[in-house]
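The values are calculated or read from the model by the stated rules, or taken from the named source; none is laboratory data. None of these values were measured; they are calculated from a predicted model. Here the Cβ is made from the backbone with ideal geometry for all residues, glycine too, and neighbour counts use every protein chain on show. Each accessible area value is taken on the protein alone, full model and side chains, heavy atoms only, with ligands, DNA and RNA left out. Shrake-Rupley method; radii C 1.70, N 1.55, O 1.52, S 1.80 Å.
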Amino acid sequence: MTPITEVEGRRLALSNLEKVLYPATGFTKGEVLHYYATAADVLLPHLRDRAVSFLRYPDGPDGQVFFAKNVPPGTPDWVTTAEVPRSEGPARMVLVQDLASLMWAANLVTEFHTHQWLVDTPEEADRLVLDLDPGPPATVVECCEVALWLRERLAADGIEAYPKTAGSKGLHLLAAVRGASSEQVSEYAKQLAVEAERAMPRLALHRMTRSLRPGKVFVDWSQNAARKTTATPYTLRARARPLVSAPLSWTEVEECTAPGQLAFEAGDMGDRLQDYGDLLGPLLDSGRASPLP
């Protein structure tokens, strides 16, 4: 029997709670739901008013993994949806605005991915993102080196960057921006990636070319495109272990000497939230958003 739970006055059917989704650690679907319930206070502000793409993995990361951008069939009528512009014509997508919607979405077993713009103002980007992706044998340690250079470079333009783990092997740098389109932010981000490669030719790369990747960090600027989405802060990832895209302090980035130092799982997040609160909280303060140079 599927248990019915009430969340903020909404009735939810939560299914297969005993199902193991992360075989490497035995982490179950019930534990996934528990993680999202406990992380909701910090996660929801980063989801709110942004159209959500779901990367679903209902049978765990070794099963079928697929993107769902449109409103999934069977979505309750109390879940907020919005029409968003797409090149092939407008589409209707989900907005996760409250705890009940978050728990409904988590029950689908998903990673949460969001655009760099709010649904009410798709013509203006409010986030800049740089995805630092290491090509083996490079690891997150090399990503940290590139991230520190980029932090200084962005600061020179009056833009404050905040780091989080990708929740796989790399790092994401985020900044709050204003007054520019996704296209303009993309151009600026590409320029930063080119400058990083010029400053650190042995370490950084601005092109995706596979043959150039080994041992280098690809500074992926392309996720600033209006149609692209990036893993939302605090989302679980579909990996062998229940890794989280976890906000970091710059001290942690500076002191990183081994890849394992920056791998945080769902079970680590309670203590981190107690110690740090939301390290990405400043991104939510529109008064701190910076114009592009």
* Asked: Of the listed peptides 118-125, 225-232, what is their order by residue-averaged count of other C-beta atoms within 10 Å, with the highest listed first?
  -> 225-232, 118-125
* segment 22-108: GluC sites (Glu not before Pro) in DSSP coil with no more than 16 other Cβ atoms inside 10 Å -> Glu88
* Structure fact -> Given backbone amide H placed at 1.01 Å from N, residues whose amide H is under 5 Å from that of Ala138, ignoring those fewer than 5 places away on the same chain, are Gly215, Lys216
* Amide proton proximity set for Thr235, modelled H, under 5 Å, gap of 5+ -> Ser245
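Explain nothing, just the number: relative contact order of the chain, from Cα pairs under 8 Å at least 6 residues apart, as a whole percent.
Details: 612 pairs, mean separation 58.4, N = 293.
Rounded, it is 20 percent for the chain.
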* Structure fact -> The set of residues whose placed amide H lies less than 5 Å from the amide H of Thr81, leaving out same-chain residues fewer than 5 positions away, is Leu95
* Of Val177, Met200, Gln116, which is farthest along the charge dipole of the chain in the positive direction, counting Lys and Arg as +1 and Asp and Glu as -1 at C-beta? -> Met200
* Lys/Arg Cβ at +1, Asp/Glu Cβ at -1, dipole of the chain taken about the Cα centre: which of Gly270, Gly63, Ala147 is farthest positive-ward? -> Gly63
* Can you tell me which of 234-243, 51-60, 257-266, 207-216 comes out highest on packing, and rank the rest after it, using the mean Cβ neighbours within 10 Å? => 234-243, 51-60, 257-266, 207-216
* Along segment 51-64, what does the Karplus equation 6.51 cos²θ - 1.76 cosθ + 1.60 (θ = phi - 60°) give for ³J(HN,Hα), rounded to whole Hz, x for Gly and Pro? -> 5, 10, 9, 9, 9, 8, 9, x, 10, x, x, 8, x, 6
* Structure fact -> To the nearest Å², the heavy-atom accessible area per residue of segment 176-288 with 1.4 Å probe amounts to 48 Å²
* Which whole-Hz couplings ³J(HN,Hα) result when phi for each residue of segment 72-83 is put into the Karplus expression 6.51 cos²θ - 1.76 cosθ + 1.60, θ = phi - 60°, listed in order with x for Gly and Pro? -> x, x, x, 5, x, 5, 8, 7, 5, 10, 8, 7
* Magnitude of the charge dipole, segment 147-283, Cβ model with Lys/Arg +1 and Asp/Glu -1, debye to 20 -> 800 debye
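Could you give the dipole magnitude of segment 1-110 about its Cα centre, charging the beta-carbon of Lys and Arg +1 and that of Asp and Glu -1, in debye to the nearest 20? Please report the intermediate quantities before stating the final value.
Details: 10 positive and 12 negative charges, 41 e Å.
Using Cβ point charges on Lys, Arg, Asp and Glu, segment 1-110 gives about 200 debye.
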* What percentage of the solvent-accessible surface of the chain, computed with a 1.4 Å probe over protein heavy atoms, is contributed by carbon and sulfur atoms? -> 49 percent
* Return the percentage of antiparallel bridges among DSSP beta bridges fully within the chain, rounded to the nearest 5 %. => 90 percent
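Taking a ≥ b ≥ c as the square roots of the eigenvalues of the Cα gyration tensor of segment 173-248, is the shape rounded (a/c under 1.5), prolate (a/b larger than b/c) or oblate?
Verdict is oblate for segment 173-248.
For Trp117, Trp250, Trp149, write out the residues from largest to smallest accessible area, computed with a 1.4 angstrom probe and no ligands counted. Walk me through the intermediate numbers first.
Values: Trp117 10, Trp250 40, Trp149 70 Å².
The ranking, largest first, comes out as Trp149, Trp250, Trp117.
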